[in-house]
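Here the structure comes first, spelled out in structure tokens, and everything after it is commentary.
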Amino acid sequence: MGIKWLLSGHPVYVVSTWPGSRASCIMLYHLLLQTVNTQQSAGVSPGQPHLLQYDLDDYQEAEKAVNDLSQATRGGSLYVIADDVYGLDYFDTVCDKLLTQVPHLHLWAASCYHGDAPTGWQVECLTRPLRSPPAVIREVEQDVDITESGKVKPYSERGVPDHTDGPPVTRLYHRGQGHSADNPGDCVTCGRDVASFLHSLRVGVTENVTTTATTVTSTYGATTPPCLQWRDVLMLYWRDISEHSDMMQGLKEAGIPVRMLMDDDIEDVATARSDVVWVSTGHRVCGLERKVVVSLEDYDIDRFYSMSRCTSQLVIVYGQTRQMTSDVITS
């Protein structure tokens, strides 16, 4: 819709509604900007995209958003896209106020969670799993957000052929000789284990590409380069780890170019500018996708955020809490 509006000559306002939507909205803004630049090179004069960032859990921020967008209205019309909206105190308020103040409001919003739409607004639930291969989909389907809470709608039939099941999910465990601390993020051996697996995928290798790497990058026959790059990998966690944690130390010692995601890095990771492995909480990268996702797990919460980012190879590193739970269930 953003492209359609731009090609019709309308300015499009990409609105980030909370810190967790910054990455996806910045990515969307740059994709729209790329379309505009291509059209301008061809002699066409489309509309321009604009990026606005708020935190709609704050009333004053919500009032500012309404004021800014109302003033941006041209000829009674306003075109807005808000990606990754989730459980915000004043998102409904902003939508409803704009509806009363803007005669011709065009506002499209998206959320991975069900139930975030303002009352009375048209809702479409998109449940066909087109992002990930079946091997990853089966793992995501087991998450409590789908099976218990109902915050995420169950997947429907894919509706298109599966060319392959995708690479099998790789499972690593924080236990045994050499492992230390209570969770993988504080364990140098876990860092080395993850690094060893990434090297086995030939990530970053530019010659003599193995069949394994080709399989990962070409799950659905896409015309992508045969070699994985470090920017194709995300490591996501729930329990905080730091730049100086033992996990990071193990990765760096093994030659993995790894960086913790900070506020100033959001645009970098959203545009995949730097060829590094970014380490982040799942909340910080809502809406982004990577071919390889390493999920550090210690609880059953927020697994959906990390696993659903994966478009090919999923790696799960199980912490002690998850292992104990699994042992109880098994026995």
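As a summary of the residue check, Asp145 satisfies the conditions (1) open to solvent by less than 20 Å² (accessible area, probe 1.4 Å); (2) within 25 Å of Val276 (Cβ to Cβ); (3) acidic (Asp, Glu) except for the one numbered (2). Taking the conditions exactly as written (touching a Phe, Trp or Tyr at 6+ places or on another chain (Cβ under 7 Å), open to solvent by 60 Å² or more (accessible area, probe 1.4 Å) and without any contact (Cβ under 8 Å) to a residue 40 or more places away in the chain), does Tyr86 satisfy them or not? No, not satisfied.
Can you confirm whether Pro154 is farther than 22 Å from Leu201 by Cα and open to solvent by 70 Å² or more (accessible area, probe 1.4 Å)?
So Pro154 passes the test.
For region 98-122, taking the residues that are in a strand (DSSP E or B) and open to solvent by 90 Å² or more (accessible area, probe 1.4 Å), the one that is nearest to Glu297 (Cα to Cα) is identified as Trp108. When region 95-118 is filtered for residues that are out of contact with any helix residue (DSSP H, G or I) (no Cβ under 7 Å at 6 or more places or on another chain) and β-branched (Val, Ile, Thr), only Thr100 remains.
Among the conditions (1) part of a helix (DSSP H, G or I); (2) touching a Leu at 6+ places or on another chain (Cβ under 8 Å); (3) modelled with pLDDT under 95; (4) not aromatic (Phe, Trp, Tyr), Cys95 misses just one, which is (3). Only one entry in Gly176, Gly159 is closer than 22 Å to Arg131 by Cβ, loosely packed, with under 13 Cβ neighbours inside 10 Å and at pLDDT below 95, namely Gly159. Would a scan of region 123-131 turn up a residue that is open to solvent by 90 Å² or more (accessible area, probe 1.4 Å) and in contact with a Leu (Cβ under 7 Å, 6 or more places away or on another chain)? Scanning region 123-131 turns up no residue that is open to solvent by 90 Å² or more (accessible area, probe 1.4 Å) and in contact with a Leu (Cβ under 7 Å, 6 or more places away or on another chain). Within region 59-83, track down each residue that is loosely packed, with under 15 Cβ neighbours inside 10 Å, touching a residue at least 24 places away in the same chain (Cβ under 8 Å) and farther than 25 Å from Gly9 by Cα. If the condition is that a residue be loosely packed, with under 15 Cβ neighbours inside 10 Å, touching a residue at least 24 places away in the same chain (Cβ under 8 Å) and farther than 25 Å from Gly9 by Cα, then Tyr59 is the only one that fits. The set of residues in region 123-139 being assigned to a helix (DSSP H, G or I) and not charged (D, E, K, R) consists of Pro134, Ala135, Val136, Ile137.
The values are calculated or read from the model by the stated rules, or taken from the named source; none is laboratory data. Keep in mind that this is a model prediction, so the values were computed, not measured. Quick reminder, even Gly has a Cβ in these numbers, built from the backbone with ideal geometry, and neighbours come from all protein chains shown. With ligands, DNA and RNA removed, areas are computed over all heavy atoms of the protein, side chains included. Shrake-Rupley method; radii C 1.70, N 1.55, O 1.52, S 1.80 Å.
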